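Presented below is the structure to which this report refers.
The values are calculated or read from the model by the stated rules, or taken from the named source; none is laboratory data. Quick caveat, the model's predicted, so the values are computed rather than measured. Every residue, glycine as well, gets a Cβ built from its backbone with ideal geometry; the counts of neighbours run over all protein chains shown.
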Amino acid sequence: MYCAYKTKYYKMINYLFSLFQDPKKGFDPVPAKYADMYFEQAHNGQRFNKSIIDQLKKYTTIKNKKVLDLGAGPGQYTHYFVNQGADTYYHDISARYLSKFRQKFSDLNFTATLDYLDNFQGQYDLIFNNVCFCYSMNDTSFVKKIEEGLNPNGIYFGILGNENVLKKKLSRRFVVKTQFYLNSYLGIKIGHPFTSRKRIKKLFSPKRFDIITIEGFEENTLVIVKKKNK
């Protein structure tokens, strides 16, 4: 059974690590060689998933919207949003990615912040969050932050990893399974585990959001919800 009342204590586990790994003091979790490789793939089309954009276009428009690319990484979707006429905000933890993105697209008009996923600021018409929900410090408090970060009728569009990860990471299967089950069933988040499809639906409850769709998407879960008018 999920112990919601303990959320503030379980969040402390990852929060304590963050005190010693501050991106504003030079910490960067992305190794330089990996950043080079992934950035190149992101901007030659290998890491730009057109199917995601097709899904996004079904439910909302982008032009003239205030859009947050949350966990923007190498910035391929930030680049797309700017070119579509959005007031675009980039938020990520990796200074390497942001530096490379600014160098490659020096004339691109966007606003960038560098910090942990949970520490974004402001309110937006669209929060776009592609397969990095797991990097939040605690799932429950992060969903609350997302709700607070949406303008009235604002939309959260997320691609979330789920239990399919257990079929992939065989080399670290015991560690991955332990992290997954602690997070999914006890709300204890250590590191960056994905969570179950069942819990994803509980996190994005109809009590909190107007549900547009929560469905399977490729190997992940697509979550599109709208902030309720209260």
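Annotations
- Filtered residue count, region 137-178, keeping only those that are in contact with an Asp or Glu (Cβ under 6 Å, 6 or more places away or on another chain), among the polar types (S, T, N, Q) and farther than 18 Å from residue 224 by Cα: 1
- Region 145-187: number of residues that are within 15 Å of residue 219 (Cβ to Cβ), assigned to a helix (DSSP H, G or I) and in contact (Cβ under 8 Å) with a residue 24 or more places away in the chain: 3
- Among the residues of region 80-113, the one identified as β-branched (Val, Ile, Thr), more than 20 Å from residue 37 (Cα to Cα) and outside any strand (DSSP E or B) is 82.
- Restricting attention to region 192-214 and to residues that are among the aliphatic types (A, V, I, L, M) and in contact (Cβ under 8 Å) with a residue 60 or more places away in the chain, the residue that is farthest from residue 228 (Cα to Cα) turns out to be 203.
- A single entry from 211, 224, 200 fulfils the requirement of being exposed (fewer than 15 other Cβ atoms within 10 Å of the Cβ), in contact with a strand residue (DSSP E or B) (Cβ under 8 Å, 6 or more places away or on another chain) and not in a loop (DSSP other than H, G, I, E, B): 211.
- Criterion violated by residue 131 - all others in (1) closer than 28 Å to residue 193 by Cα; (2) modelled with pLDDT of 95 or more satisfied: (2)
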